[in-house]
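Each remark here refers to the structure printed beneath this line.
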Amino acid sequence: MGGACGYGNLFNSGYGLDTAALSTTLFKDGYGCGQCFQIVCVNSKHCNYGRPSTVVTATNLCPPNWYQDSNNGGWCNPPRTHFDMAKPAFMKLAYWRAGIIPVAYRRVPCKRSGGMRFQFQGNSYWLLVFVMNVGGAGDIKSMAVKGSRTNWISMSHNWGASYQAFSSLYGQSLSFRVTSYTTGETVYAWNVAPANWNAGMTYKSGANFS
């Protein structure tokens with residue numbers, strides 16, 4: 001599924017090339033997936049002229065390297081905050097051969113086109129859903145699924161940006177309740193998948209965080 005958030009192809013999932021892998025401190029066991037950060041190069045001769053900023057989406061984990069000092073190779077070791085940026089995003093800030101640059105950053109709202117996307121995996125008794133193209137804070141704290149013949153069923157966090165329900169939901173149209181990790185706001189995505197949904201498919205909703 002591509003990366004520690006499970007977004008797979010970053011163009012198909014709505015994120016493109018302006019992305020970054022987060023250090024453990026920022027990744028938060030996957031709850032940092034989808035968050036957006038405005039980043040600017042500071043105090044480096046490699047900064048691009050005018051110190052432009054760019055906005056990246058968290059799509060992966062930069063794992064710690066305990067064999068290296070945190071200031072010399074172990075850039076993603078806790079408690080450091082570090083962004084391992086995709087090359088096109090990094091080049092908006094600095095000359096790419098610089099490698100490591102000091103930055104200032106802040107969380108910003110995620111601007112997305114269209115609604116959230118739900119990719120299904122699983123089997124007859126287990127539904128695993130990867131949620132992508134999330135607007136607003138970009139992250140997810142909790143989810144629930146509702147079949148056309150069931151009440152709301154709470155889903156547990158599996159890994160990255162995926163949530164699971166141990167229920168038999170084949171043959172039912174599915175709706176989702178999604179709650180943001182950062183803001184606590186809840187959005188309902190009704191009738192996302194038809195009754196003949198299949199694992200391996202991605203379904204687009206009309207709902208998103210603003």
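Side notes on the structure shown:
- Residue within the range 162-183 that is among the hydrophobic types (A, V, I, L, M, F, W, C), within 20 Å of the chain's Cα centre (by Cα), within 22 Å of Ala21 (Cα to Cα) and outside the structural domain of Lys87 (by TED's automatic domain parsing) present: no
- Residue within the range 142-149 that is outside any strand (DSSP E or B), surrounded by fewer than 16 Cβ atoms within 10 Å (Cβ to Cβ) and at pLDDT 95 or above present: yes
- Candidate set: the range 120-139, residues that are assigned to a loop (DSSP other than H, G, I, E, B) and under 16 Å from Tyr7 (Cα atoms); chosen: the one farthest from the chain's Cα centre (by Cα): Gly135
One line per residue, one yes/no per condition, for (1) in contact (Cβ under 8 Å) with a residue 60 or more places away in the chain; (2) farther than 22 Å from Arg97 by Cα; (3) among the hydrophobic types (A, V, I, L, M, F, W, C):
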residue	(1), (2), (3)
Tyr31	yes, yes, no
Cys41	yes, no, yes
Pro63	no, no, no
Asn72	no, no, no
Trp75	no, no, yes
Pro78	no, yes, no
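- Set side by side, the residues Gly3, Gly73, Gly50 differ, and just one is within 12 Å of the chain's Cα centre (by Cα), on the phi > 0 side of the Ramachandran plot and surrounded by fewer than 22 Cβ atoms within 10 Å (Cβ to Cβ), which is Gly3.
- Every listed requirement among (1) surrounded by 19 or more Cβ atoms within 10 Å (Cβ to Cβ); (2) more than 21 Å from Gly34 (Cβ to Cβ); (3) of a type outside the set (Lys, Arg) is met by Asn208 save one, (2).
- Within this structure, Ile140 fails the test of being among the hydrophobic types (A, V, I, L, M, F, W, C) and over 20 Å from Ser13 (Cα atoms).
- Qualifying positions in the range 158-167 - under 18 Å from Ala58 (Cα atoms) and either touching a helix residue (DSSP H, G or I) at 6+ places or on another chain (Cβ under 7 Å) or not in a strand (DSSP E or B) (or both): Asn158, Trp159, Gly160, Ala161
- Filtered residues of the range 43-61 (kept if in contact (Cβ under 8 Å) with a residue 40 or more places away in the chain, touching a helix residue (DSSP H, G or I) at 6+ places or on another chain (Cβ under 6 Å) and closer than 29 Å to Val131 by Cα): Leu61
The values are calculated or read from the model by the stated rules, or taken from the named source; none is laboratory data. Given the structure is predicted, the values throughout are model-derived calculations rather than measurements. Virtual Cβ from ideal backbone geometry, glycine too; neighbours counted across all protein chains shown.
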